[in-house]
Structures are given as structure tokens and as C-alpha cells.
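I have placed the structure first, in the form of C-alpha cells, so that the comments after it can refer back to it.
The values are calculated or read from the model by the stated rules, or taken from the named source; none is laboratory data. Note that this is a predicted model, so its numbers are computed, not measured. We place every Cβ from the backbone using ideal geometry, glycine too, and count neighbours over all the protein chains shown.
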Amino acid sequence: MSDAAAPREQWGSRIGLILAMAGNAVGLGNFLRFPRQAVENGGGTFMIPYFIAFLLVGIPLMWIEWGVGRHGGQRGEGSTPGMFETLWKHPVAKYLGVLGLFMPLVVLIYYCYIESETLAWTFFSLVGATQGLSQDGMRSFLASYQDLSDPTVHARWVPFAFFYVTLAVNFWVVSKGLVAGIERLAKIAMPMLFVFAAILVIRVLTLPGHEVIENGVATTYTPWSGLNFMFSPQWDALAQPKVWLAATGQIFFTLSVGMGTLQAYASYLTRKDDIALSGIATAATNETAEVVLGGSLAIPAIVTFFGVTGAVAIAKGGSFDLGFIAMPLVFNQLPGGPLITTLAGMMWFGLLFFAGITSSVAMATPLLGFIEENFGWTRKKTAVALGVFAAVLGSLHVIYNARGFLDEWDYWAGTFGLVVLALVETILFVWVFGPENMWRELHEGASIRIPRFFKAVMTYVTPVFLLVMMVWWTVQEAVPTLLMEGRPESELAVRWASRGFMVAILIAQLFLIKAAWARRARRKGAA
Amino acid sequence: MSTTAIIFMTLAWTGVLGLMAWSWSRLLRSAPPDDQLPPPGTSL
């Protein structure tokens, strides 16, 4: 057990807890990644593996993480090193828990940089900086921000300024504590996110038809053509393993499982608090934001103004092309003039910022809790120290983003690492802790009985699903990515340096865990 | 929109909206006392 002197903080209300948990899950991926994945992986057919993965991996992992977190929190542990040790009394357990400190910290740093771009574009929308730009103009506007290449478009200090402001807001929120900081933010940001998204969906779905010239032929597209494009099934996609993996991956990212953040939030629950129903409510809120709102915004809007061929090309260009180039172009063409363009842009990037910040404050929580509880630092002091650390390392993302610095962190920590942590925690909670203990833990204080079918799913299906996914990704992606196949020579040095920083963070955190446990042993000896 | 697209979209939307409505209604019904408004006239 940790040696924190003060009693652990608790959530102020159940609604606040669910909104904070849902805020953690609802991120940029709900509005940018999901529509792309659906379009690229079979349209409506994508929904079949997507919902199967939601049932067999998403919901079980949600319960597992809430269960691991509350079980650890009851024993004074707010992060995975201590949580894993409460499940498995073995010296190695705490070191396996390093994943739940490493991933959220690494992802937090680059995620705040991406989040800072949504803040920047909210400001650019307000001042009308993107109004009247052509597609090429919009692309250079984004490129010069991301690669600092053209100071005549954006002064070089601009991306740094937005990044530092974003970090300051994030660490100011977490320094306020669980109830006054994170919970209050969730209670403001989540309703606003849903209101902004709902207004934009109504506007998009009521757009008039628009004539688009494709291959010399004029076709009139409406938002419903976009929904048709997104939800029309391509049955042959079901036979492709990559579609199933893409769907499982999307469920993984969208629910923010395998990160260490849900466990950290759940550690502030009491034994009488429900986790069974709360876990489902969190997952369902996230899915509504993704499937209903995220699925009805970008693609229908873009198909209306660019046609199906144009939308496919934009989707293939990536999430930034979708969110930061195509959407502002759509807003420029909305009926109603500059005021409507400004409002739509502010709501779109504002909702992305809210989606981002409610996730990034969650990422700061595990390491913050670990340092507070093990080294006796105050929350404010820890928040300032982590904020400065994130500002220094994050500056490298601002400088080297265009040369693959961020991509490396995103792949190893933000993609591959998530599956590793999910697999480790599933094995520990279900197999080592024991299926009966797991089942009992999930039903402590539960508002509903979880269908017994899920016990078998969590014991056998979820771990096998995760194992298959990890092996597949290792063979298909991790090995070629590790060997930097197809990467231009000019990026190699930056990419290796980026990996070096990640390894250094991992080693430093392993030493922190060692030091924390040595401190605990000394305190126990002195007592 | 094609019929199959409408069916897929309706099923997807109904599924997630239904799950959210069910879970939130259960949640609000079983909310602990600190989530409920105090009786009228209660001094805060």
C-alpha cells in the first residue's frame, strides 16, 4: 500500500464521475478517426465487426479496468504499479505496471500538441483566418503550422504559444484536484461538446444539395448521400481480417482502454460504488458521440461539397485532412455568410478541443497520483513539475512533428502499447486474481447484475481476442515499423531520437517505481 | 439512401442510443443521495 499521509480524494457525484469517464473516452478519434475507419473498411459492414468488438472486447475491458482501479484504490493505490501488486503478490507485478504510467505520460505530451491545434483553429475560426482560402491554401495554412516552414503564414512562435497555453490549462485543471478540477471540467465540457455537436449535425443534415463535377459529370450530392456512402455495406469486407482488426482497434482507441487512465479514475471510487452499470453508461455515452454524432458530421458534410470521390481522397489523406482542411472548406461554403462560417468553425474546433482536454486531463492523472502517493508531493507541486516536463519534451514535437517524431510516439505508446497493457491487465485481473474474485469484485455495490455470459467472455474470449490482435499487429505493422521500412532517409535520425526519448522515459519510470517501493520498505521498517 | 444503408444506420443508431438511454435511466434511478436534489426547504 502507498504511504500517502492524506486520505484519498473521492468523486463528488456519480454523474460527475460518469461524465469524467466519458470525457476521458470521447476524444478526437470519435469525430475524426471513426468516420475515416468506417469509410475505408466496408462502410455499413464495418459496423458488424465494430459492434462485435464492442461486445467482446470493449465492454469487458471497460469493466476490467474499472475493477482493477477500484480494487487498487481501496488499498491506497492510484496507479497500475501498485494496483497490479494488489492482484499479483510478485515482485515483477509492480514493474509490469510501468505501462500504466508510461503510456498516459507519453500520449499526454503529444496529444496536448494535437489538442493545441484544435485550440489554435478555434482562434483562427474566430478571427476568420481560414475564410476564403482554397483547398491548396488551406493545406499550406495547416502545413506551415505543423512544420514551421513558412513564417509568413504563421510566425514560428505561434504553435509553441498554443501548445504552452494548452498545457497550462490542462495542468491548472489537474492541480485543482479531482472534484474541483477534473469533475468540474467534465460537467462543463461534456454538455457543451454534445450541444455543439448536435447543432452541427442538424446544420449538416439540413444542407441543400450541391452540384459536384466528377470525371466531367455533374452530380448533385446531399448530406444523405454522405450517410448512404458511410452506411452502405460492402459485404466482401467481412472476409478481410484487416477490417476486423481495424474495427477492434477503433473500439480500443475510442473507449480509451489499455491506457491506465480509467483505472486511475476508478481508484477514487469507494467499495459501495457501482462499476457494472457505470461502465456501460460510460461506454454507451462514448458510442453515441462516435456513431451518431461523429458519424453524421464530417463525412456527410464533405460528401455534400466534394462528392464521393473527393471524400474518399480526403479520408485517405488522414484525420488532419478531414478535420483541418476539408471541414473549414465546408464551413466556408455554408449558406449564411461569414458569421455562420465563423460560428460553425468555432463550434467544430471547440468541440474537438473539449473532446481533447477531457481526455488529456485523464492522462495526467496516473503519474500525478503515483508521485503524490509515493513521494509525498502535493498535487500542485506535482502538476507544475509534470507540466514543465511536458512543455520541454512537447517542444520537440512542435519542432520535429513533420519529421516523424510524433508518429513514433503515437505508434509505440498510443497504438501498440495499449494492446500490451490491456492484455497484461486482463491476464492479471481475470486469470491471476481469479475469475471468481474478478466476478465478485465487479458486483460489489453493483446497480445491475452483469449477464453471466460475460464471465466466460472475459475469461476466454477477450484475452484471446487481444492476443490475436497483438500477434497480428506485431507481424503486420510492428516489425516493419521498428525496421523503419519505407521511411525517407531524412527522417531516420529524428525517428531514432524520438524512440530514444521514449526508452529514457520508460527506464526513468522503472527507477521511480524501484525508489517508491524502497521508500515504502523504509517506512514499513521504521513503523 | 439505399434500403440497406438505412437499415444499417437505423440499427447502429438504435443500438447505441438505446443502450445510452437504458443505462442513464437506470443510473439516475439508482443515484446515491448525493446526486439527488435535497428536499425543498433544506438548508444548504
- Given (1) touching a Leu at 6+ places or on another chain (Cβ under 7 Å); (2) crowded, with 21+ Cβ neighbours inside 10 Å; (3) of a type in the set (Ser, Thr, Tyr), A:Thr285 misses just (1)
- Looking at A:Leu207, A:Leu185, which is the one that is under 23 Å from A:Met346 (Cα atoms), of a type outside the set (Phe, Trp, Tyr), in a loop (DSSP other than H, G, I, E, B) and in contact (Cβ under 8 Å) with a residue 60 or more places away in the chain? A:Leu207
- Test each condition in (1) under 27 Å from the mean Cα position of the chain (by Cα); (2) within 14 Å of chain B (Cβ to nearest Cβ); (3) closer than 24 Å to A:Val303 by Cβ; (4) surrounded by fewer than 19 Cβ atoms within 10 Å (Cβ to Cβ) for A:Pro191 and report the one that comes out false. (3)
- Item | Of residues in the stretch A:398-448 being hydrophobic (A, V, I, L, M, F, W, C), closer than 30 Å to B:Arg26 by Cα and out of contact with any Lys or Arg (no Cβ under 6 Å at 6 or more places or on another chain), the one farthest from the other protein chains (Cβ to nearest Cβ) | A:Phe433
- Note on the structure: In the stretch A:210-223, anything within 14 Å of chain B (Cβ to nearest Cβ) and not in a strand (DSSP E or B) is listed as A:Thr222, A:Pro223
- Within the stretch A:205-224, residues being farther than 19 Å from A:Pro335 by Cα and of a type in the set (Gly, Ala, Ser) number 2
- Would you be able to say whether some residue in the stretch A:209-219 is surrounded by fewer than 23 Cβ atoms within 10 Å (Cβ to Cβ), of a type outside the set (Lys, Arg) and under 22 Å from A:Ala364 (Cα atoms)? no
- Just for the stretch A:449-482: of the residues that are over 26 Å from the mean Cα position of the chain (by Cα) and surrounded by fewer than 16 Cβ atoms within 10 Å (Cβ to Cβ), which one is nearest to the other protein chains (Cβ to nearest Cβ)? A:Arg449
- Query: Being within 22 Å of A:Met502 (Cβ to Cβ) and in contact (Cβ under 8 Å) with a residue 40 or more places away in the chain, is that true of even one residue in the stretch A:443-455?
  - Reply: no
- State whether one or more residues within the stretch A:37-53 are touching a Lys or Arg at 6+ places or on another chain (Cβ under 8 Å) and either over 27 Å from A:Tyr460 (Cα atoms) or within 14 Å of chain B (Cβ to nearest Cβ) (or both). yes
- Task: Within the stretch B:8-33, track down each residue that is at the interface with chain A (Cβ under 8 Å from one of its Cβ atoms) and under 18 Å from A:Gly43 (Cβ atoms).
- Result: B:Phe8, B:Met9, B:Leu11, B:Ala12, B:Trp13, B:Gly15, B:Val16
- Starting from the stretch A:298-317, take each residue that is more than 17 Å from A:Thr206 (Cα to Cα) and list its partners that are among the hydroxyl-bearing types (Ser, Thr, Tyr), counting only C-beta distances under 8 angstrom and pairs at least six apart or across chains. A:Val308/A:Tyr221; A:Val308/A:Ser225
- Query: Which fully enclosed helices (runs of 4 or more DSSP H) of the stretch A:359-457 have 3 or more residues being at pLDDT 95 or above and among the small types (Gly, Ala, Ser)?
  - Reply: A:379-400
- Message: Can you tell me which condition A:Phe253 does not meet? The list is (1) touching a residue at least 60 places away in the same chain (Cβ under 8 Å); (2) of a type in the set (A, V, I, L, M, F, W, C); (3) within 14 Å of chain B (Cβ to nearest Cβ), and all the others hold.
- Response: (3)
- Note on the structure: Filtering the stretch A:147-160 down to residues that are surrounded by 15 or more Cβ atoms within 10 Å (Cβ to Cβ), without any contact (Cβ under 8 Å) to a residue 40 or more places away in the chain and assigned to a helix (DSSP H, G or I) yields A:Val158
- Message: Looking for something within 14 Å of chain B (Cβ to nearest Cβ) and in contact with a strand residue (DSSP E or B) (Cβ under 9 Å, 6 or more places away or on another chain) - is there at least one such residue anywhere in the stretch A:63-70?
- Response: no
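This table checks each residue for (1) assigned to a helix (DSSP H, G or I); (2) within 14 Å of chain B (Cβ to nearest Cβ).
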| site | (1), (2) |
| --- | --- |
| A:Ser225 | yes, yes |
| A:Asn228 | yes, yes |
| A:Val243 | yes, no |
| A:Gly249 | yes, no |
| A:Asp274 | no, yes |
| A:Ala281 | yes, yes |
| A:Ala284 | yes, yes |
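Quick grid of which residues meet (1) in a loop (DSSP other than H, G, I, E, B); (2) in contact with an Asp or Glu (Cβ under 9 Å, 6 or more places away or on another chain); (3) crowded, with 24+ Cβ neighbours inside 10 Å:
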position	(1), (2), (3)
A:Arg36	no, no, no
A:Val39	no, no, yes
A:Val57	no, no, yes
A:Ile64	no, yes, yes
A:Gly82	no, yes, yes
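Residue-by-condition table, conditions (1) within 21 Å of A:Gly337 (Cβ to Cβ); (2) among the aromatic types (Phe, Trp, Tyr); (3) part of a loop (DSSP other than H, G, I, E, B); (4) out of contact with any strand residue (DSSP E or B) (no Cβ under 9 Å at 6 or more places or on another chain):
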{"residue": "A:Met103", "(1), (2), (3), (4)": "no, no, no, yes"}
{"residue": "A:Tyr110", "(1), (2), (3), (4)": "no, yes, no, yes"}
{"residue": "A:Phe124", "(1), (2), (3), (4)": "yes, yes, no, yes"}
{"residue": "A:Gln131", "(1), (2), (3), (4)": "yes, no, yes, yes"}
{"residue": "A:Ala143", "(1), (2), (3), (4)": "no, no, no, yes"}
- When you look at A:Thr304, is it surrounded by 24 or more Cβ atoms within 10 Å (Cβ to Cβ), in contact with a strand residue (DSSP E or B) (Cβ under 6 Å, 6 or more places away or on another chain) and part of a helix (DSSP H, G or I), yes or no? yes
- Name, by its number, the condition in (1) modelled with pLDDT of 90 or more; (2) within 14 Å of chain B (Cβ to nearest Cβ) that does not hold for A:Gly27. (2)
